[in-house]
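A quick write-up on the structure given underneath.
The values are calculated or read from the model by the stated rules, or taken from the named source; none is laboratory data. From a predicted model like this one, the values you see are computed outputs, not experimental measurements. Every residue, glycine as well, gets a Cβ built from its backbone with ideal geometry; the counts of neighbours run over all protein chains shown. Protein only, heavy atoms only, side chains kept; ligands, DNA and RNA dropped before computing areas. Shrake-Rupley method; radii C 1.70, N 1.55, O 1.52, S 1.80 Å.
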Amino acid sequence: MPQLTALLSVSDKTGIVEFARALHALGVRLVSTGGTAALLAEAGLPAAEVAALTGFPEMLDGRVKTLHPAVHGGLLARRDLPAHGAALAAHGIGTIDLLVVNLYPFEATVARPGCTLADAIENIDIGGPAMVRSGAKNWQGVAVLTDPAQYAGVLAELQQHGQVGEATRFALAVAAFDRISNYDAAISDYLSSLRPDGTRAEYPGQSNGRFVKLQDLRYGENPHQSAAFYRDLHPAPGSLVSARQLQGKELSYNNLADADAAWECVKCFEQPACVIVKHANPCGVAVGATLVEAYAKAWATDPTSAFGGIVAFNRPLDEATARRIGEHKQFVEVLIAPAFDDAALALLAPKANLRLLQIALDGVQREGTPWQRGRNAHDVKRVGSGLLIQSADHHVLARDRLRVVTRRAPTDAQLDDLMFAWTVAQYVKSNAIVFCGGGATLGIGAGQMSRIDSARIASIKARNAGLTLTGSAVASDAFFPFRDGLDVVVDEGAACVIQPGGSVRDDEVIAAADERGIAMVFTGVRHFRH
């Protein structure tokens, strides 16, 4: 077998010396560039400078070194075409069989505070992507490695078979084109977001989505729809895509959508909390001194809707809570928690179809960027031939930002319930009305065209569950446009209300609250969720 040639030119030098040493031990000829060549020479490895191939020195501070026919001819020549072989021979060009390249750190550069346009431009790689594209196009003759994580697998094939197999070369080529696509998208996102004054717009001139498929799904929302599950290229810690399924059958499209709604809501609470979701809406939310208490209170909100729901916890699931779930003897689709103790897993194991999702909260922060807090920075909605993109609704209401607008002020206990109700309302589809008391939901009205209908549905839910609304706190995700909605919740027993305010009829609604003798506070922020 003819001697193989490897060209190594890497920005991230993780593992490159060890990989090059192993290639050399297998008789592979090493060619390298710039800093990589210096590193290999320092390690005592006989790597030829790329200038020895091209007969032309590096120039323009390294901007031009591999953009040469001796490099791209060696990468692009098809081994199965005699005319290509003859052309290489006529010009004294040898083939390149392994290409090891990773690119200038453009993404890391532009992520740094204070990055200038000049910094960004200098970190746009030209020769690297060109070589990667050439080698990946000719994957039948060239193995292209663009990530240190690929070194071990390729080396194992070389050691065992003396060559890199066809399936591996194709997989490497796909990964290479994916990397180039992501790299180019990052450049486009950055450059098209720049304003004339050098600052960056939140929304670039071109939006380049970058997602990696995790799995195909059996179907979408309905059996006649196809679906797949993708993750962000760089997912936030503690997000749904980081989940590890411990047991149960395959997750469906609806399972995943509802699981995300439950998980995003339960992460909001610092006390032990439970959120139960059905059809993307919370049907029971509660906090408690223990997880089992939180679960019992959440389940009591609406046991009927909880059937076939998604249940999420913000603490490791323990035996007592697992036992209580079993005692209800109602169908649960998915259980989500940061961890499951062994006793809980043993109790749940006989439920073979019950899906258990473990989502570690390691690395999630209470403050910082949305990504650091385990949240999406933006929400996206597909419309006809377009996208609506907005910053995600991560507003956290500070208690001292509340404005008491009625003669009666809420008590400290009522303020606790109002803040809890407001947090839940943020995750309920609009129009949303949420009755709460004692750190638990009592009735939830969601997704109605009329706010007054949401209020009526919430009270019906409470009655059906045998819960009293006397003395309850109510949250409305947007203002009451008329006093009728307020009258409905007060008629049902509400003693205090939290709402954004901002209606032209605020004075009328405030007067109605004073007339009914309740406390009402304005947030100045609404939480529409369509």
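Okay, here's what the table says:
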{"read-out": "Accessible surface, per residue, of region 20-154 when the full set of protein chains is kept, probe 1.4 Å, Å²", "value": "47 Å²"}
{"read-out": "Span from the region 1-71 Cα centroid across to the region 285-314 one, whole angstrom", "value": "60 Å"}
{"read-out": "Sulfur and carbon atoms: percent of accessible area, region 1-93 [1.4 Å]", "value": "60 percent"}
{"read-out": "Cβ-based net charge around VAL164, under 9 Å, with every Lys or Arg adding one and every Asp or Glu removing one", "value": "-2"}
{"read-out": "Inverse mean reciprocal Cα-Cα distance (Kirkwood Rh) of region 4-55, Å", "value": "10.8 Å"}
{"read-out": "Fraction of alpha-carbon pairs over 19 Å apart in region 413-528 - percent", "value": "33 percent"}
{"read-out": "Leading residue at positive end of dipole, region 335-478 (Cβ point charges), from VAL428, GLN358, GLY386", "value": "GLY386"}
{"read-out": "Listed residue pairs exceeding 21 Å between alpha carbons, taken from LYS297/LYS351; LYS278/LYS461; LYS213/LYS381; LYS297/LYS461; LYS13/LYS65; LYS267/LYS297", "value": "LYS297/LYS351"}
{"read-out": "Net +/- balance of residues flanking GLY127 in space, Cβ distance below 14 Å, scoring K and R +1, D and E -1", "value": "-1"}
{"read-out": "Convex hull projection area averaged over all views, region 1-113, Cα basis, nm²", "value": "8.6 nm²"}
{"read-out": "Charge tally in the Cβ shell below 11 Å around ASN208, where Lys, Arg are +1 and Asp, Glu are -1, ASN208 excluded", "value": "-1"}
{"read-out": "Extension reserve of the ALA352-LEU117 stretch, reckoned as 0.36 nm per residue once the Cα distance is removed", "value": "79.1 nm"}
{"read-out": "Fully extended contour minus Cα-Cα distance, from GLN271 to GLN3, at 0.36 nm per residue", "value": "90.0 nm"}
{"read-out": "Cα-based reach from LYS249 at 12 Å (exclusive), listing aspartates and glutamates while leaving out same-chain residues under 8 positions away", "value": "GLU333"}
{"read-out": "Rounded FRET efficiency, nearest 0.05, which uses the C-beta distance separating ASP184 from VAL28 and R0 of 45 Å", "value": "0.90"}
{"read-out": "Per-pair calculated FRET efficiency, R0 = 30 Å: ASP507 and GLN390 via Cβ, rounded to 0.05", "value": "0.45"}
{"read-out": "Label-point gap, in nm, between ARG408 and ALA227 - each point 7 angstrom along Cα→Cβ", "value": "4.5 nm"}
{"read-out": "Prolate/oblate/rounded label for region 335-427 (Cα gyration tensor, a/c 1.5)", "value": "oblate"}
{"read-out": "Mean separation of Cα contacts under 8 Å (6+ apart) over length of the chain, as relative contact order %", "value": "8 percent"}
{"read-out": "Lys, Arg +1 and Asp, Glu -1 on Cβ, resulting dipole of the chain about Cα centre, debye, nearest 20", "value": "680 debye"}
{"read-out": "Global form of region 138-257, assessed from the alpha-carbon gyration tensor, a/c cut-off 1.5", "value": "oblate"}
{"read-out": "Inter-label distance, nm, simple model (7 Å from Cα along the C-beta direction), HIS378/PHE56", "value": "3.9 nm"}
{"read-out": "Between region 344-379 and region 225-257, the alpha-carbon center distance in angstrom", "value": "11 Å"}
{"read-out": "Cβ-Cβ FRET estimate between LYS329 and ALA86, R0 fixed at 56 Å, reported to 0.05", "value": "0.10"}
{"read-out": "Added length on full extension, which subtracts the Cα-Cα distance from 0.36 nm per residue, PHE528 to GLN140", "value": "134.4 nm"}
{"read-out": "Region 389-466 and region 87-152: distance between their alpha carbon centers, rounded to Å", "value": "53 Å"}
{"read-out": "Fraction of accessible area attributable to carbon and sulfur, region 252-384 (%, probe 1.4 Å)", "value": "53 percent"}
{"read-out": "Per residue solvent-accessible surface (Å²) - region 320-447, probe of 1.4 Å", "value": "52 Å²"}
{"read-out": "With all protein chains modelled, accessible area of ARG529 [1.4 Å, Å²]", "value": "80 Å²"}
{"read-out": "Relative compactness, the chain, computed as alpha-carbon Rg over 2.2 N^0.38 Å", "value": "1.26"}
{"read-out": "Nitroxide proxy distance, nm - points 7 Å out along Cα→Cβ at ARG244 and ILE460", "value": "4.5 nm"}
{"read-out": "Antiparallel DSSP beta bridges within the chain, as percent of all bridges there, nearest 5", "value": "55 percent"}
